[in-house]
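S.K.: Okay, here's the structure, questions in a sec.
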Amino acid sequence: MTTFLFSSSADPDLSAQLKRLRTLGTLQPFSHAATEFVGDFSRRVLKLPQLRAHPELATLAHWFRPAGIAHLERRASAVEGNRILARGLVFHLAPANVDVLFAYAWLMSVLSGNANVARLSQKPSAQRDALIGILGAMREEGLHAEVLDRTILLTYPHDAAITAQLSSHCHARIVWGGDSTVRTIRAISLPPLAVELAFPDRFGVAAISAAALDAVGEDDLQPLARRFANDILWFGQQACSSPRCLYWIGDHETIARAKSRLWRAVREDSARFEDEAAALMSRVTDAHLLAALGHAETIDGGFASFPIRLQAAHSDGDVRELQSGNGLVVEVELPSLADMGAQLDDRDQTLVQFGFDSADIDALLAQLRGRAIDRVVPFGRALDFHHVWDGTDLFSVLRRQVTLASV
């Protein structure tokens, strides 16, 4: 059964709602109506009383502030010669593990001029409800009708028939979910001209130059550790970009000193993160499993530490598949950053790094095979969103180009 979370129409019939969207058509990319809506939405998010408890909402609002919208418009307008139009009707399938992630693609789609239908998770979410509440308030105030009329947010249990019905009307389908979800959705056909972008399971890894960390002064160490703690502990390490493995680069003695300093600072900061009993049991169980399968040599700090640290000689995508996050980090020592390449595969999306220059990064990228690593970011930026995600510019899916041949 479909439940409409937001629609400007009270019609309970899904077919009628989809027909209405198709009839409305699209707006021009970065139209006044779209930019005004997204700017107002951003300002209202910043005023939410839930903002202190859910800082990811503040990050979302900051990303879509007026200056951010202008930046996106400049980047999206960098195609010369051709006419840029909206894609049409975009169907979003949102993830359950990061509540506000759907809002980034949806708001970018709004800016692109599309009509949008988003299927949200059935998992309760205070953040999601707050965002939907903003849309309801706008509707009650009679604002942004051009955008709100082209927006439907709904939820339903996993139901292939409903997904097929929605897919049959869309020009683009964006799927956020695990490998299983992506396989299931891909089995549901799209109209011949429709395009699809899927974001399956990916992992984050981190790399630290031990020499660079060892040289950090005490005054700078705690802020650095705080940024790293945000990368590995926010969202319970469930985001695809959250590092599950930390590669220490350097000689053993320098690495030992750097480890001691960093983890002491991280533990002093980790108390601000919620650590549920279920998460504790999960990481302890995973740590035992990795040890039993021979993927860990020693444990530093004991099973009661947060996060749990396992020392290993090798860690690849198969090891990261065995970890469920929740504050478990596998650490590996390597002599050079380029040596990481042999331990990365298609499943590795984000590299969070500290202490390396562009030549080091280029040397590593030259060693990569397949699709390993789509993002390289400094400490504290693992969870940042970007319009290029998993190696694809979302605007290339959300808009289309009309070729204008010279006459």
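S.K.: Regarding segment 387-394, can at least one residue be identified that is at pLDDT below 95 and within 24 Å of residue 229 (Cβ to Cβ)? Lay out the reasoning, then the answer.
M.R.: Of the residues in segment 387-394, the ones at pLDDT below 95 are 387-394.
Narrowing further to those that are within 24 Å of residue 229 (Cβ to Cβ): 389.
Within segment 387-394, one or more residues are at pLDDT below 95 and within 24 Å of residue 229 (Cβ to Cβ).
S.K.: For segment 345-366, enumerate the residues that are under 22 Å from residue 321 (Cα atoms) and part of a loop (DSSP other than H, G, I, E, B).
M.R.: Scanning segment 345-366 gives 345, 346, 347.
Conditions tested, residue by residue: (1) farther than 17 Å from residue 224 by Cα; (2) buried (at least 17 other Cβ atoms within 10 Å of the Cβ).
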| site | (1), (2) |
| --- | --- |
| 351 | no, yes |
| 365 | yes, no |
| 371 | yes, no |
| 378 | no, no |
| 382 | no, yes |
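S.K.: Looking for something within 18 Å of residue 395 (Cα to Cα) and part of a helix (DSSP H, G or I) - is there at least one such residue anywhere in segment 44-52? Don't jump to the end; show me each part of the working.
M.R.: Just the residues of segment 44-52 that are within 18 Å of residue 395 (Cα to Cα), to begin with: none.
No, segment 44-52 contains no residue that is within 18 Å of residue 395 (Cα to Cα) and part of a helix (DSSP H, G or I).
S.K.: Just checking, does segment 200-208 include any residue being within 30 Å of residue 262 (Cβ to Cβ), of a type in the set (D, E, K, R) and not in a helix (DSSP H, G or I)? Spell out how you get there, then give the answer.
M.R.: To start, the set of residues in segment 200-208 that are within 30 Å of residue 262 (Cβ to Cβ) comprises 201-208.
Add one more test, that the residue is of a type in the set (D, E, K, R), and what stays is 201-202.
Right, trim to not in a helix (DSSP H, G or I) and you get 201-202.
Yes - at least one qualifying residue is present in segment 200-208.
S.K.: Just to check your reading of the model, which residue among 195, 216, 205 is more than 27 Å from the chain's Cα centre (by Cα), open to solvent by less than 60 Å² (accessible area, probe 1.4 Å), at pLDDT 95 or above and not small (Gly, Ala, Ser)?
M.R.: Values: 195 fails: more than 27 Å from the chain's Cα centre (by Cα); 205 fails: more than 27 Å from the chain's Cα centre (by Cα).
It is 216.
S.K.: I would also like to ask the following. Only one of these is modelled with pLDDT of 95 or more, over 24 Å from residue 108 (Cβ atoms) and open to solvent by 60 Å² or more (accessible area, probe 1.4 Å): 405, 359. Name it.
M.R.: On the way: 405 fails: modelled with pLDDT of 95 or more.
Of the residues listed, the single one that is modelled with pLDDT of 95 or more, over 24 Å from residue 108 (Cβ atoms) and open to solvent by 60 Å² or more (accessible area, probe 1.4 Å) is 359.
S.K.: Yes or no: segment 383-402 includes at least one residue that is part of a strand (DSSP E or B), of a type outside the set (Val, Ile, Thr) and under 23 Å from residue 58 (Cβ atoms).
M.R.: As a first pass, look at segment 383-402 and keep what is part of a strand (DSSP E or B): 388-389, 392-393, 399-402.
With the extra rule that they be of a type outside the set (Val, Ile, Thr), the set shrinks to 389, 393, 399-401.
Filter again for under 23 Å from residue 58 (Cβ atoms), leaving 389.
Within segment 383-402, one or more residues are part of a strand (DSSP E or B), of a type outside the set (Val, Ile, Thr) and under 23 Å from residue 58 (Cβ atoms).
S.K.: Run down 154, 120, 190 and say which single residue is touching a helix residue (DSSP H, G or I) at 6+ places or on another chain (Cβ under 7 Å) and open to solvent by less than 10 Å² (accessible area, probe 1.4 Å). Please lay out each step first, then the result.
M.R.: Working: 154 fails: touching a helix residue (DSSP H, G or I) at 6+ places or on another chain (Cβ under 7 Å); 190 fails: open to solvent by less than 10 Å² (accessible area, probe 1.4 Å).
None of the other options fit; the residue is 120.
S.K.: Being surrounded by 15 or more Cβ atoms within 10 Å (Cβ to Cβ) and assigned to a helix (DSSP H, G or I) narrows it down to one of 34, 70, so name that one. Talk me through it step by step, then tell me what you get.
M.R.: Details: 70 fails: surrounded by 15 or more Cβ atoms within 10 Å (Cβ to Cβ).
Going through 34, 70 in turn, the sole match is 34.
Yes or no, residue by residue, for (1) touching a His at 6+ places or on another chain (Cβ under 7 Å); (2) open to solvent by 30 Å² or more (accessible area, probe 1.4 Å); (3) modelled with pLDDT under 90; (4) within 19 Å of residue 238 (Cα to Cα):
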residue: 274; (1), (2), (3), (4): no, yes, yes, yes
residue: 283; (1), (2), (3), (4): no, no, no, yes
residue: 301; (1), (2), (3), (4): no, yes, yes, no
residue: 309; (1), (2), (3), (4): no, no, no, yes
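S.K.: Out of (1) in contact with a strand residue (DSSP E or B) (Cβ under 8 Å, 6 or more places away or on another chain); (2) open to solvent by 60 Å² or more (accessible area, probe 1.4 Å), what's the single condition that is false for residue 110?
M.R.: Result: residue 110 fails condition (2) only.
S.K.: Give the residue that is nearest to residue 147 (Cα to Cα), with candidates limited to residues of segment 39-52 that are touching a residue at least 24 places away in the same chain (Cβ under 8 Å) and open to solvent by 50 Å² or more (accessible area, probe 1.4 Å).
M.R.: 44
S.K.: Surrounded by fewer than 15 Cβ atoms within 10 Å (Cβ to Cβ) and over 24 Å from the mean Cα position of the chain (by Cα), is that true of residue 295?
M.R.: Details: surrounded by fewer than 15 Cβ atoms within 10 Å (Cβ to Cβ): no; over 24 Å from the mean Cα position of the chain (by Cα): yes.
Criteria not met by residue 295.
S.K.: Can you find a residue in segment 85-92 that is surrounded by fewer than 20 Cβ atoms within 10 Å (Cβ to Cβ) and either of a type outside the set (Ser, Thr, Tyr) or modelled with pLDDT under 80 (or both)?
M.R.: Looking only at segment 85-92, we keep the residues that are surrounded by fewer than 20 Cβ atoms within 10 Å (Cβ to Cβ), and these are 85.
So of that shortlist, the ones also either of a type outside the set (Ser, Thr, Tyr) or modelled with pLDDT under 80 (or both) come out as 85.
Checking segment 85-92: at least one residue is surrounded by fewer than 20 Cβ atoms within 10 Å (Cβ to Cβ) and either of a type outside the set (Ser, Thr, Tyr) or modelled with pLDDT under 80 (or both).
S.K.: Restricting to segment 124-151, name every residue that is closer than 20 Å to residue 11 by Cα, open to solvent by less than 20 Å² (accessible area, probe 1.4 Å) and under 25 Å from the mean Cα position of the chain (by Cα).
M.R.: 135, 147, 148, 151
S.K.: Looking only at residues that are of a type in the set (S, T, N, Q) and open to solvent by 10 Å² or more (accessible area, probe 1.4 Å) in segment 219-254, which one is modelled with the highest pLDDT? Walk me through how you get there before you give the answer.
M.R.: We begin by selecting, within segment 219-254, every residue of a type in the set (S, T, N, Q); these are 222, 230, 237-238, 241-242, 254.
Filter again for open to solvent by 10 Å² or more (accessible area, probe 1.4 Å), leaving 222, 230, 238, 254.
Numbers: 222: 95, 230: 92, 238: 84, 254: 98.
That would be 254.
The values are calculated or read from the model by the stated rules, or taken from the named source; none is laboratory data. Since the structure is predicted, the reported quantities are computational estimates derived from the model, not experimental observations. All Cβ positions, glycine included, derive from the backbone under ideal geometry; neighbour counts span all protein chains shown. To get the accessible areas, we keep the full protein, side chains included, count just its heavy atoms, and leave off ligands, DNA and RNA. Shrake-Rupley method; radii C 1.70, N 1.55, O 1.52, S 1.80 Å.
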